[in-house]
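Visitor: Dropping the structure in here first, questions after.
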Amino acid sequence: MSGLGRSAMAAASSQQFAGLALPRNRSSTAASSQRAAFTRASCSSSSDQNQGSSVGCGGRRSFLGGAAASAGLVIALPTLRSSAAEEQLSQWEKVPLPIDPGVVLLDLSFVPDEPNRGFLLGTRQTLLETKDGGRSWSPRSVASAEEEDFNYRFNSISFKGKEGWIIGKPAILLHTSNAGETWERIPLSSRLPGNPVVIQATGDKQAEMVTDEGAIYVTSNAGYNWKAAVEETVSATLNRTVSSGISGASYYTGTFNTVNRSPQGDYVAVSSRGNFYMTWEPGQPYWQPHNRRSARRIQNMGWRADGGLWLVVRGGGLYLGKCLGVCEDFEEASIPSRGFGILDLGYRSKDEAWAAGGSGMLLKTTDGGNTWSRDRVADSIAANLYSVKFLDNKKGFVLGNDGVLLRYLS
């Protein structure tokens, strides 16, 4: 996961956030692309300089075994079985990918109408496709995204039925109506505040897009027009509320570090410095700022399977909201992070969740976060694991830097 700046406040409420009625031009010429409502793009690899260390390549660990041929081997058998049993506790395998070293994987999504077909995104214009549920992946290219001299960073992808959307940095928007067989580029306005970081397919020809400056737009006609869902910029909101005691609001640099959406359409976002966080619910006119409850800065936040919030801080601390929905009262969980930063949580069920982080850290809970145990599958992977995604209780993935992808073994 370009700042808005306070000078944009007045324009934001009257122009940028008044709703963008942006007719889509079907022409493929450069001139029509400039006149059209939106401009897409993704980012160069230089913008990913903070995301990575190196990763080791290779498949799952393999173990040797054989039949006992002598009494001596029979005596050693319990030790061998114990070691193998410990290693086989892992529920993940590393998936080899046909990409260059240094690529950071950022998001993936599967086609609901074709559950074995999915797409994987990353930096350096990475777009991969699977047709076997994620066991193997092959490169895909989008001609309209290769016409310009950019090295796009594809940030987010989402499908509803066979309709899908991809957004990236510099600002780029791709759309498909045939399960990804073909992708069409939809122009984005140069007036778009910030870079798109989250896209969510919400229905037939409907989608919701969020930028790193807190702008939220919705479309109901496949991108022909977009309407603002918030009435003012985040900077304008903070200018109004800084006197109400939001710690660190005066240091806001104009962008979010992370943005996460709940299945109900609620959002939680962490400021770029981690000083505070903000939430938004459908129907609210602007983002709501909240103070952090820890002395350490916030690394990331998201939604639990039961609808409550989780929060991780720098240095490996984990906090769980004491109530469901938006909450400012958190309780610290005991988690063996060994001081490595926790970067994301993913829930397989209300009780089972996985935490991923720096230096290949992978932790599991089966009691809603009260206790955690370490999965050693990633011990040999010198990578940061950035994202945990469960599409259902049988299909899950962990995404990391240097092209590391782990697949859940159901």
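Visitor: For V104, indicate whether it is modelled with pLDDT of 95 or more, in contact with a Leu (Cβ under 6 Å, 6 or more places away or on another chain) and farther than 15 Å from I199 by Cβ.
Guide: No.
Visitor: When the residues of the stretch 386-400 are narrowed to those that are among the aromatic types (F, W, Y) and surrounded by 21 or more Cβ atoms within 10 Å (Cβ to Cβ), which ends up farthest from the chain's Cα centre (by Cα)?
Guide: Per the criteria, the residue is F397.
Visitor: Follow-up. Give the residues of the stretch 370-398 that are of a type in the set (A, V, I, L, M, F, W, C), over 26 Å from S262 (Cα atoms) and outside any helix (DSSP H, G or I), sorted by residue number.
Guide: I381, A382, A383
Visitor: Might you let me know whether the stretch 226-248 holds any residue that is in a strand (DSSP E or B) and open to solvent by 10 Å² or more (accessible area, probe 1.4 Å)?
Guide: yes
Visitor: While we're looking at this one, here's another question. Give me the pairs: first residue in the stretch 315-337 and crowded, with 18+ Cβ neighbours inside 10 Å, second residue hydrophobic (A, V, I, L, M, F, W, C) and not in a strand (DSSP E or B), beta-carbon distance under 7 Å, and six or more apart or on different chains, which are they?
Guide: G316/F340; L318/I335; G321/C327; I335/W372; S337/M361
Visitor: Scan A295, A305 and give me the residue that is open to solvent by 30 Å² or more (accessible area, probe 1.4 Å), of a type in the set (A, V, I, L, M) and touching a strand residue (DSSP E or B) at 6+ places or on another chain (Cβ under 6 Å).
Guide: A305
Visitor: State yes or no: is L343 touching a strand residue (DSSP E or B) at 6+ places or on another chain (Cβ under 7 Å), open to solvent by 20 Å² or more (accessible area, probe 1.4 Å), of a type in the set (A, V, I, L, M) and modelled with pLDDT of 95 or more?
Guide: For L343, the condition - touching a strand residue (DSSP E or B) at 6+ places or on another chain (Cβ under 7 Å), open to solvent by 20 Å² or more (accessible area, probe 1.4 Å), of a type in the set (A, V, I, L, M) and modelled with pLDDT of 95 or more - is met.
Visitor: Of all residues in the stretch 106-133, which are more than 18 Å from W165 (Cβ to Cβ) and either charged (D, E, K, R) or crowded, with 22+ Cβ neighbours inside 10 Å (or both)?
Guide: Once the filter is applied, which keeps residues that are more than 18 Å from W165 (Cβ to Cβ) and either charged (D, E, K, R) or crowded, with 22+ Cβ neighbours inside 10 Å (or both), the stretch 106-133 yields T123, R124, K131, D132.
Visitor: Given the conditions (1) at positive phi; (2) open to solvent by 30 Å² or more (accessible area, probe 1.4 Å), and given that S272 satisfies all but one, which numbered condition is not satisfied?
Guide: (1)
Visitor: Taking the condition at pLDDT 50 or above, outside any loop (DSSP other than H, G, I, E, B) and acidic (D, E), does E86 pass?
Guide: No, not satisfied.
Visitor: For L406, are the conditions met, namely being closer than 24 Å to R124 by Cα, touching a Lys or Arg at 6+ places or on another chain (Cβ under 8 Å) and assigned to a strand (DSSP E or B)?
Guide: yes
Visitor: On to the next question. Can you confirm whether the stretch 370-385 contains a residue that is closer than 17 Å to M301 by Cα, open to solvent by 40 Å² or more (accessible area, probe 1.4 Å) and of a type outside the set (S, T, Y)?
Guide: no
Visitor: Starting from residues that are hydroxyl-bearing (S, T, Y) and surrounded by fewer than 19 Cβ atoms within 10 Å (Cβ to Cβ), keep the ones in the stretch 251-269 and report whichever is nearest to G308 (Cα to Cα).
Guide: Out of the qualifying residues, it is S262.
Visitor: Still on this structure: May I ask you to say which residue of E181, E213, E208 is outside any loop (DSSP other than H, G, I, E, B) and of a type in the set (D, E, K, R)?
Guide: E208
The values are calculated or read from the model by the stated rules, or taken from the named source; none is laboratory data. The structure presented is a predicted model; accordingly, all values stated were derived computationally and were not measured. Because the Cβ atoms are built from the backbone with ideal geometry, glycine has one as well, and the counts that use them run over all protein chains shown. For the accessible areas, the whole protein counts, side chains as well, though only heavy atoms, and no ligand, DNA or RNA atoms are used. Shrake-Rupley method; radii C 1.70, N 1.55, O 1.52, S 1.80 Å.
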